[in-house]
Amino acid sequence: MMTRLPVPIDRIVSQLQSHTEPTDVVYIEWFEIHKRRLTRNTSSGHMILMQLEQGKEWHHGDALYSKGELQAVVLVKPTLTIRFNPTDLVQLADFSYFVGNRHLPIFQVDQGQSFRLPYDGRLYEQVVAKYGLSVQLEEALLLSENLIRQQLKNNKKNEN
């Protein structure tokens, strides 16, 4: 039996707007967006080799090409999250302080009206006990453009 080598991706088009032809898909986890080298099977079973330049990241909707031919589109898998809907700024500040020492990424939802964190069982029990109905579990996409830390970096760049 001959082992097939992965198709190397030589061009990435950021978040392709529309696909006229049927497209193959490659799924990644939210925490894999910074991995520089990934070998994955697409949804139709084709193996591809994905490589990023230093300082870049994968985005939901990135189109992957090899020799000018579209191979697949990157989709970030939804994951279980803790959603926090603060009742006021005091509760938001308290929550931020409470989860800050855990060094979990916090993602913005609804123009800052709600926030998401990746699910952590022990933390979930603690925040439900402390904040009650302001906390829910939900499946969601954790995308880097919604990451609070990333938004702060982008705001600083835009100010300079």
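Quick one: H60 ticks every box in (1) of a type outside the set (A, V, I, L, M, F, W, C); (2) closer than 25 Å to I12 by Cβ; (3) part of a loop (DSSP other than H, G, I, E, B); (4) at pLDDT below 90 bar one, so which box is it?
If we test H60 against (1) of a type outside the set (A, V, I, L, M, F, W, C); (2) closer than 25 Å to I12 by Cβ; (3) part of a loop (DSSP other than H, G, I, E, B); (4) at pLDDT below 90, just (4) comes out false.
Can you tell me how many residues within the stretch 91-125 are touching a residue at least 24 places away in the same chain (Cβ under 8 Å) and polar (S, T, N, Q)?
Residues that pass the stated criteria total 4.
For the stretch 63-78, enumerate the residues that are in contact (Cβ under 8 Å) with a residue 12 or more places away in the chain and part of a strand (DSSP E or B).
Of everything in the stretch 63-78, those that are in contact (Cβ under 8 Å) with a residue 12 or more places away in the chain and part of a strand (DSSP E or B) turn out to be A63, L64, Y65, S66, L70, Q71, A72, V73, V74, L75, V76.
This table checks each residue for (1) modelled with pLDDT of 90 or more; (2) closer than 30 Å to P8 by Cβ; (3) surrounded by 15 or more Cβ atoms within 10 Å (Cβ to Cβ); (4) not assigned by TED's automatic domain parsing to the domain that holds D24.
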{"position": "E53", "(1), (2), (3), (4)": "no, yes, no, no"}
{"position": "N101", "(1), (2), (3), (4)": "no, no, no, yes"}
{"position": "F107", "(1), (2), (3), (4)": "yes, no, yes, yes"}
{"position": "Q111", "(1), (2), (3), (4)": "no, no, no, yes"}
{"position": "Y119", "(1), (2), (3), (4)": "yes, no, yes, yes"}
{"position": "A129", "(1), (2), (3), (4)": "yes, no, no, yes"}
{"position": "K153", "(1), (2), (3), (4)": "no, no, no, yes"}
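Based on what the data block shows, is V76 closer than 30 Å to Q136 by Cα and surrounded by 16 or more Cβ atoms within 10 Å (Cβ to Cβ)?
Here the answer is yes, as V76 does meet what is asked.
Is there a residue being in contact with a His (Cβ under 6 Å, 6 or more places away or on another chain) and of a type outside the set (G, A, S) anywhere in the stretch 83-97?
Looking through the stretch 83-97, none of the residues is in contact with a His (Cβ under 6 Å, 6 or more places away or on another chain) and of a type outside the set (G, A, S).
Can you pull out every residue in the stretch 38-48 that is in a strand (DSSP E or B), crowded, with 17+ Cβ neighbours inside 10 Å and in contact (Cβ under 8 Å) with a residue 24 or more places away in the chain?
Of everything in the stretch 38-48, just one residue is in a strand (DSSP E or B), crowded, with 17+ Cβ neighbours inside 10 Å and in contact (Cβ under 8 Å) with a residue 24 or more places away in the chain, namely I48.
The values are calculated or read from the model by the stated rules, or taken from the named source; none is laboratory data. On a predicted model such as this, the values are computed, not experimentally measured, just so you know. Cβ coordinates were reconstructed from backbone atoms using ideal geometry, including for glycine residues, and neighbour counts include every protein chain displayed.
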